[in-house]
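Asks: Submitted below is the structure of interest, expressed as structure tokens.
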Amino acid sequence: MTRRSCWRPRAPVSDGGGAKPDVTITGMGMVTSGGIGVKQSWEAVLRGEGTATTDPALEGLDVTMSCRAEDFDGKEQLGRRARKLDRFVQLTLVAAKEAIEDAGLDPESWDGARIGVVIGCGMGGAPTWEQEHSVLLERGHDRVSPHLIPRMIPNMAAGHVAMEFDAHGPNFCTATACASGATAIGSALDLLRLDRCDLVIAGGTESGITPLSIAGFANMTALSGRVDDPAAASRPFDSDRDGFVAGEAAGVVILERARDADARAVRRYADVAGYGASADGHHVTAPHPEGAGGEGALRAALADADLSASDVDHVNAHGTSTPLNDLSESRMISRVMPHGPSVTSTKGVTGHALGGAGAIEAIFSGLTIHHNTVPPTANLENQDPEIEIDVVGGAPRETDVDVVISDSFGFGGQNAVLALTSPR
């Protein structure tokens with residue numbers, strides 16, 4: 001396929017009077033522990049049932065459960081080339097393909113120089129790293145795979161998407177721990193507003209469930225110890241929460257300027273109206289106890305979207321099921337939005353997909369707007385009395401939803417918040 005030049009002179013983009021152009025989601029793709037594809041994953045979160053199971057790969061550890069995408073087989077989805085790709089890349093390629101098709105796009109006909117790719121990833125190819133380290137110790141340095149580096153580095157998800165779909169515009173990986181996927185979507189929003197691209201394939205991915213990473217999380221007491229009842233282990237905002245359950249997932253959206261989407265006469269799920277980012281500057285792993293950094297990102301996202309806090313109908317919370325995060329986040333929500341928007345955490349179903357979490361939760365937020373349906377928070381049996389917010393539990397809530405906030409917070413105190421709105 002012939003590549004076009006990556007540079008062309010263009011007039012600054014605006015919708016009149018210097019206003020920022022509306023940016024919209026026209027395609028979605030997803031692989032989660034709830035299923036392969038957006039439909040299966042959305043139905044899983046609406047059921048509100050935890051997907052965590054005992055994981056044979058973690059046998060012998062203190063924590064032996066995870067939320068894997070058990071139905072996903074890379075070789076089945078991608079053929080023989082899957083063996084050269086770490087699982088986090090495999091997940092991304094499948095999610096990206098679904099999103100592109102969902103948006104009604106054909107990479108054979110688009111101008112690849114104007115197509116950007118931004119994929120967030122926190123850990124990269126952890127399974128590859130552990131596997132090849134064992135080879136080094138057991139069989140010697142000369143037996144280490146020459147594919148080690150290109151399989152494991154986090155930017156390869158974005159790189160392979162570009163190669164697969166003829167996307168030659170800006171291409172990079174965001175790595176803000178568990179905020180990575182949301183940071184990627186926010187960065188894509190900026191690319192479109194600045195006219196660096198006409199369309200951006202954006203999202204997040206992670207497949208880091210390995211004995212070493214789980215041991216590390218467990219030893220810092222971040223994981224739930226409810227190994228005798230895995231499906232009930234992830235319980236955001238519940239009095240008996242004791243940590244998160246590690247998950248794997250990839251979520252990808254197609255972002256384009258709303259006027260371009262309207263010209264194509266395609267469905268618009270939701271607009272990405274605002275993005276805010278901040279740093280706690282507080283602790284390497286613990287959130288600020290009052291959610292101060294998260295508040296800064298939230299207020300920045302609202303300002304970017306030209307919204308007030310009272311406009312928010314729903315919050316898709318970071319809601320990890322850890323004692324510290326859920327309390328600090330709830331305090332922030334109560335303080336900034338005292339009118340009491342509904343709140344949910346889909347991590348009760350999917351577990352914590354780390355670098356992929358912000359992307360799949362942005363998709364769930366867009367679907368909440370599209371369907372006017374708020375998913376329930378799985379395993380919410382007794383809401384922590386110190387958490388004074390309207391957490392949706394039990395069953396989906398049918399209600400008008402025009403504005404959703406999607407929170408994503410990461411180790412290092414890195415915060416990313418997206419404001420999504422009904423298409424206008």
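The values are calculated or read from the model by the stated rules, or taken from the named source; none is laboratory data. Keep in mind that this is a model prediction, so the values were computed, not measured. Neighbour counts run over all protein chains shown; Cβ positions are idealised from the backbone, glycine included.
Asks: Could you pull out the residue among Gly274, Gly294 that is at negative phi, out of contact with any Gly (no Cβ under 8 Å at 6 or more places or on another chain), of a type outside the set (Asp, Glu) and in a strand (DSSP E or B)? Spell out the reasoning first.
Replies: On the way: Gly294 fails: in a strand (DSSP E or B).
Exactly one residue qualifies, and that residue is Gly274.
Asks: Give me the pairs: first residue in segment 331-347 and under 14 Å from Ala378 (Cβ atoms) and among the small types (Gly, Ala, Ser), second residue part of a strand (DSSP E or B) and at pLDDT 95 or above, beta-carbon distance under 9 Å, and six or more apart or on different chains, which are they?
Replies: Filtered contacts from segment 331-347: Ser345/Asn316; Ser345/Thr377; Ser345/Val391.
Asks: Anything in segment 138-150 that is within 25 Å of Thr92 (Cβ to Cβ) and either in contact with a Lys or Arg (Cβ under 7 Å, 6 or more places away or on another chain) or loosely packed, with under 10 Cβ neighbours inside 10 Å (or both)? List them, or say none.
Replies: The answer is Pro146, His147.
Asks: Working carefully through the options Val63, Val135, Val89, Val118, find the one that is surrounded by fewer than 24 Cβ atoms within 10 Å (Cβ to Cβ), touching a Ser or Thr at 6+ places or on another chain (Cβ under 8 Å), within 27 Å of Cys178 (Cβ to Cβ) and not basic (Lys, Arg).
Replies: Val63
Asks: Within the bounds of segment 91-114, is there any residue that is out of contact with any Leu (no Cβ under 6 Å at 6 or more places or on another chain), without any contact (Cβ under 8 Å) to a residue 12 or more places away in the chain, in a helix (DSSP H, G or I) and over 27 Å from Gly50 (Cβ atoms)?
Replies: No, the conditions are met nowhere in segment 91-114.
Asks: Within segment 297-314, how many residues are in contact with a Gly (Cβ under 9 Å, 6 or more places away or on another chain), among the hydrophobic types (A, V, I, L, M, F, W, C) and not in a helix (DSSP H, G or I)?
Replies: To start, the set of residues in segment 297-314 that are in contact with a Gly (Cβ under 9 Å, 6 or more places away or on another chain) comprises 297-307.
With among the hydrophobic types (A, V, I, L, M, F, W, C) added as a condition, the list becomes 297-298, 300-303, 305, 307.
Narrowing further to those that are not in a helix (DSSP H, G or I): 305, 307.
Going through segment 297-314 one residue at a time, the tally reaches 2.
Asks: Take residues that are buried (at least 24 other Cβ atoms within 10 Å of the Cβ), in contact with a His (Cβ under 8 Å, 6 or more places away or on another chain) and of a type outside the set (Lys, Arg) and tell me which of the strands (runs of 3 or more DSSP E) falling wholly in segment 315-424 contain 1 or more. Outline the logic, then answer.
Replies: Values: elements: 342-344, 403-410, 414-421.
In segment 315-424, the matching strands (runs of 3 or more DSSP E) lie at 342-344, 403-410.
Asks: Still on this structure: Can you tell which of Asp407, Asp402, Asp313 is touching a Leu at 6+ places or on another chain (Cβ under 8 Å), modelled with pLDDT of 95 or more and of a type in the set (D, E, K, R)?
Replies: The unique qualifying residue is Asp407.
Asks: Note down all Cβ pairs under 7 Å where the first residue falls in segment 184-196 and is closer than 15 Å to Ala158 by Cα and among the polar types (S, T, N, Q), the second is at pLDDT 95 or above and crowded, with 20+ Cβ neighbours inside 10 Å, and they're at least six residues apart or on different chains.
Replies: Ser187/Val118; Ser187/Thr174
Asks: Would you mention how many residues in segment 115-129 are assigned to a loop (DSSP other than H, G, I, E, B) and not aliphatic (A, V, I, L, M)?
Replies: Taking segment 115-129 first, the residues assigned to a loop (DSSP other than H, G, I, E, B) are 122-125.
Remaining after also requiring not aliphatic (A, V, I, L, M): 122, 124-125.
Count: 3.
Asks: Collect the residues in segment 277-297 that are surrounded by 19 or more Cβ atoms within 10 Å (Cβ to Cβ) and in contact with a helix residue (DSSP H, G or I) (Cβ under 6 Å, 6 or more places away or on another chain), keeping them in residue-number order.
Replies: If the condition is that a residue be surrounded by 19 or more Cβ atoms within 10 Å (Cβ to Cβ) and in contact with a helix residue (DSSP H, G or I) (Cβ under 6 Å, 6 or more places away or on another chain), then Ala277, Ser278, Asp280, Pro287, Gly291, Gly294, Glu295 are the ones that fit.
Asks: Look at segment 348-391 and say how many of its residues are among the polar types (S, T, N, Q), touching a residue at least 60 places away in the same chain (Cβ under 8 Å) and closer than 22 Å to Ala99 by Cβ.
Replies: Total meeting the criteria: 3.
Asks: (1) of a type outside the set (Gly, Ala, Ser); (2) closer than 17 Å to Ala250 by Cβ; (3) outside any loop (DSSP other than H, G, I, E, B): which one isn't true of Phe72, the others all being true?
Replies: So Phe72 meets the others, but not (3).
Asks: Which residues, taken from segment 242-271, are part of a strand (DSSP E or B) and among the aliphatic types (A, V, I, L, M)? If you could, list the steps in order and put the result at the bottom.
Replies: Going residue by residue through segment 242-271, those that are part of a strand (DSSP E or B) are 244, 246-247, 249-257, 270-271.
Answer for segment 242-271, where residues must be part of a strand (DSSP E or B) and among the aliphatic types (A, V, I, L, M): Ala246, Ala249, Ala250, Val252, Val253, Ile254, Leu255, Ala270.
Asks: If the requirement is being at pLDDT below 95 and of a type in the set (A, V, I, L, M, F, W, C), which of these qualifies: Ala265, Ala279, Ala249?
Replies: Ala279
Asks: Looking at Asp402, is it more than 24 Å from Val245 (Cβ to Cβ) and free of Cβ contacts under 8 Å to residues at least 60 places away in the same chain?
Replies: no
Asks: While we're here: Of all residues in segment 288-308, count the ones that are under 24 Å from Pro376 (Cβ atoms) and either in contact with a His (Cβ under 9 Å, 6 or more places away or on another chain) or free of Cβ contacts under 8 Å to residues at least 12 places away in the same chain (or both).
Replies: 1
Asks: Select from segment 175-199 the residues that are under 11 Å from the mean Cα position of the chain (by Cα) and of a type outside the set (A, V, I, L, M, F, W, C) and list them in ascending order.
Replies: Those that are under 11 Å from the mean Cα position of the chain (by Cα) and of a type outside the set (A, V, I, L, M, F, W, C): Ser180, Gly181, Thr183.
Asks: State whether one or more residues within segment 75-89 are in contact with a Pro (Cβ under 7 Å, 6 or more places away or on another chain), closer than 12 Å to His160 by Cα and not in a helix (DSSP H, G or I). Give the derivation first.
Replies: Just the residues of segment 75-89 that are in contact with a Pro (Cβ under 7 Å, 6 or more places away or on another chain), to begin with: 86-87.
Those still in the list that are closer than 12 Å to His160 by Cα too: 86.
Pick out the ones that are also not in a helix (DSSP H, G or I) and you get 86.
Looking for residues that are in contact with a Pro (Cβ under 7 Å, 6 or more places away or on another chain), closer than 12 Å to His160 by Cα and not in a helix (DSSP H, G or I), one finds at least one in segment 75-89, hence yes.
Asks: Any chance segment 161-177 includes a residue that's in contact (Cβ under 8 Å) with a residue 24 or more places away in the chain, touching a Ser or Thr at 6+ places or on another chain (Cβ under 6 Å) and among the hydrophobic types (A, V, I, L, M, F, W, C)?
Replies: no
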